[in-house]
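The values are calculated or read from the model by the stated rules, or taken from the named source; none is laboratory data. In this text the structure is predicted, and so the values were computed from the model without any measurement. A quick note on method: Cβ atoms are made from the backbone with ideal geometry, for glycine too, and the neighbour counts reach across all protein chains shown.
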Amino acid sequence: MLMLMAIAALVGAVAVGAAWVLLRLIALCTNLAYFGRVSFEDVVIANSPLGWWMVPVPVIGCLIIGLMARFGSEKIRGHGIPEAIEAILIGKSRISAKVAILKPLSSAVSIGTGGPFGAEGPIIMTGGAIGSLIAQTVHLSSVERKALLVAGAAAGMTAIFGTPLAAVLLAVELLLFEWKPRSFLPVVIAVAVAASARTLLLDPAPLFAYAGQMGPSLGNFLSWAAVGVISGLASGLLTAMVYGSEDLFQKLPIHWMWWPMIGGLVVGLGGLMEPAALGVGYDNIRHFLTGDLSFNASLMLLVVKAVIWAVALGSGTSGGVLAPLLIFGGAIGALLTPVLPSADTGFWSLLGMAAMMGGTMRSPLTATLFAIELTGDQHALLPLLVACTIAYATTVLLLKRSILTEKIARRGLHITREYQADPFEQSWVRDVMVKEPDAIDTSWTIGRTIDHFMSLEHRHKSYPVVDASKIVVGMVSRGDVLEWMSDSDGPDRESTLAQAIAPDLLLGRPDELVSHLADRMTASGIGRVPIVDAEGRLVGLVARKDLLSARARRTAEERDHARLLGPKAQP
């Protein structure tokens, strides 16, 4: 674990450099595509002098991305987080160097030529690739590689947004699939290093500084919950739009390499209608928080950005989803402001941003802390938590999967985001073992043992063999009997079991966790294990079917309903 933490520190530092390079590449591509100059200055696409010539720019950019995906790596398509999850679950946490290079390049081209995406998805994938590549240079298990992959992904998010706590929670809620020190500690180290190193290259202040609050009351609580419900419904609609668009592209009679060009054409036409919908759109987020956009401007931005984002993402273009979700949520909050209780300027947009992220990504805790760290506004903690949780509940009730896991499910990998304690880790062997099991004495002869197994009565597959003091000295199975019957050079029928059986056997203890015994049974391939006390005397037996009783107990706890007070229900 100490070695993983040391490597994670290196991963965090490298991820910051990768994030800085990605932001500079996006700025360079934007200047080249819309202003015709070589510059790394941050610019707003809406100020471009191209006019109608803005339409073919995304088309050309998406053609480049299609070629990169076709002849480079298909894994650069999409928004990054599902690809990172897939690498963790089925790729043994291995990401190639080709992806680490092509993903940020393709994303820079995509966003720089007007793609309505964010930089967080690509940097999460790139940071994960950095962690995976560094891990692959050392002899590590796939689980240890996963820890470093996720550490790189969280460090990349921290480098872009300056949100270390939210990045750690994102790792826990979306990527780790476990809660163990061996994975949690490397993530925290990488994020801490990234947050510290970020101050050397990027502005350390909150990306969208904001100070607004709203005191708790019943009316305010209902308003926060209403924002959560509406954001949750919008999350479902956006998810349906993305995958509906993907389904339409799947039906086209052309190679997928050309799909991004069609998406780019839609992006270009949408940008002609509303130039502010192009690119990352961080300036739009600031406008929502300062209340600078009118009702009509917010509505136009929401509709155009949602359509071009869904079509472009469905076409397989490279780019992230987090920044667009913030814009969608901010627009919804701005549109709801006239009908909601009076609050500080931009407050409802802030709630809409966080709720849209929490509902769509199904990560309410991440979204809550993300909004706080992104703005530096700790006074909005309770409203943010309520809105994000209600949005999460709404999408859970409406949709089988989130926008992230739906993409993975379409590739044949169905995963669940619900975690619970392993029932094997909460049960003792004494709770599942068969007490006072049948046993065979060491004084039995081979002949008597064969006759016992060959009788017409129901027999177990194997029996513990005990001496006069009930101490277990071995196991005899039906397989042993068949071997004695077929082997002419084997023991004769008058030999005793004490002379014939091998003393090497697997034993369990009643005070042992079921998980430990199950692991030892799996490693040895043994299906029935005698359970002995401290002196080695037989007190029980555990077979594979007995292990299922621990699982059955957990199922019964969730299924069976009972009243603690009042009259008992009639059967």
(message) I'm trying to understand the selection: among the residues of the range 497-510, which are in contact with a strand residue (DSSP E or B) (Cβ under 6 Å, 6 or more places away or on another chain) and at pLDDT 85 or above?
(response) Leu506, Leu507, Gly508, Pro510
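It is to be established whether one or more residues within the range 304-316 are closer than 30 Å to Gly228 by Cβ and polar (S, T, N, Q).
The answer is no; no qualifying residue exists.
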(message) Going through Ser132, Ser93, Ser106 one at a time, which residue ends up being in contact (Cβ under 8 Å) with a residue 24 or more places away in the chain and in a loop (DSSP other than H, G, I, E, B)?
(response) Ser93
(message) Given the criterion crowded, with 16+ Cβ neighbours inside 10 Å, modelled with pLDDT under 95, under 15 Å from Ala371 (Cα atoms) and touching a helix residue (DSSP H, G or I) at 6+ places or on another chain (Cβ under 8 Å), identify the matching residue among Leu238, Leu207.
(response) Leu207
(message) So the check is Cβ under 7 Å with 6+ separation or different chains; which pairs have a first residue in the range 506-518 that's among the β-branched types (Val, Ile, Thr) and a second one that's in a loop (DSSP other than H, G, I, E, B)?
(response) Val514/Ser427
(request) Return yes or no: is Val191 at pLDDT 90 or above, surrounded by fewer than 19 Cβ atoms within 10 Å (Cβ to Cβ), in the same structural domain as Val143 (by TED's automatic domain parsing) and part of a helix (DSSP H, G or I)? (result) no
(message) Looking for something out of contact with any helix residue (DSSP H, G or I) (no Cβ under 9 Å at 6 or more places or on another chain) and at pLDDT below 90 - is there at least one such residue anywhere in the range 396-414?
(response) yes
(message) Restricting to the range 494-527, count the residues that are of a type outside the set (Val, Ile, Thr), surrounded by 16 or more Cβ atoms within 10 Å (Cβ to Cβ) and under 19 Å from His460 (Cβ atoms).
(response) 7
(message) Being of a type in the set (A, V, I, L, M, F, W, C) and part of a helix (DSSP H, G or I) is true for just one of Val172, Val138. Which residue is that?
(response) Val172
(request) Answer with yes or no whether Val55 is at pLDDT 85 or above and in the same structural domain as Trp20 (by TED's automatic domain parsing). (result) yes
(request) Determine if the range 212-229 includes at least one residue that is crowded, with 18+ Cβ neighbours inside 10 Å and either not in a helix (DSSP H, G or I) or not assigned by TED's automatic domain parsing to the domain that holds Ile64 (or both). (result) yes
(message) Looking only at residues that are over 30 Å from Gly359 (Cα atoms) and aromatic (Phe, Trp, Tyr) in the range 415-457, which one is modelled with the lowest pLDDT?
(response) Phe424
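Do we have any residue at all in the range 32-44 that's assigned by TED's automatic domain parsing to the domain that holds Thr158, within 31 Å of the chain's Cα centre (by Cα) and not aromatic (Phe, Trp, Tyr)?
no
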